[in-house]
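Each remark here refers to the structure printed beneath this line.
The numbers here are math on the coordinates, done by the rules we state, and not lab data. All figures in this text were calculated on a predicted structure; none of them were measured in a lab.
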Amino acid sequence: MGHGPLTAVALAIAYLIGSIPFSYLVARRKGIDVRTVGSGNVGATNVMRSAGRAAGLAAFALDFLKGSLATWLALRLAGPTIAAVAAVIAVLGHMYPAWLSFKGGKGVATGAGAFLPILPVAAVIGLLTFGVVAWLTRYASVGSIAGTSALPVVAWLMRAPAASTIAAAIAAALIVWKHRENIRRIAAGSERRMGARKEGTP
């Protein structure tokens, strides 16, 4: 298990599933190219701001589910160690989709979904952390960074398998790095809060 052709197949499938640009597709159904509005990010938060709450929630759910499917299939095909690698590959697929010239989203929803099959408790705690921190600060980006960072920490505290914990840490580092512009805007006081009518509105 986890060697030979099945490994290559599992990882290729993980990338292909992860790279399906659901946020882009959902927004396009409303006649909006999410890459050209708001933050320009191909993610659920930007879809919600540009195409409405229902569209944003649909994008989040679909991105979450594709991550879970990618890891679950890898788990079935090649075992838990390859599934941990596939979770990271699915996140990378979302961030760098071939279909959109390798310019995708930040991987929060896909990452949460991708680790659910192998780190279910940590993934749920990460999602709850995201929700609480985002609600308290009214910054989706701060919630995303906090929830993502919680994932490997909880995995480590729960003594999860090393491969899954390391994969969670790598995915978290990638997602936080993808939020570097948000971090700069937070430091400058120009990051948009949830519910704000325009950029910079508190």
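Averaging sequence separations of C-alpha pairs under 8 Å and six or more residues apart, then dividing by the length of the chain, give the relative contact order as a whole percent.
19 percent
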Listed residues Pro97, Pro152, Pro161, most fluctuating in the chain (Gaussian network, C-alpha, under 10 Å) | Pro161
Identify which of Ala187, Ala14, Ala83 has the largest mean-square fluctuation in a Gaussian network model of the chain, with springs joining Cα atoms closer than 10 Å.
-> Ala187
List the equivalent ellipsoid semi-axes of the chain in whole Å, largest first, each obtained as the square root of 5λ for an eigenvalue λ of the Cα gyration tensor.
-> 28, 20, 13
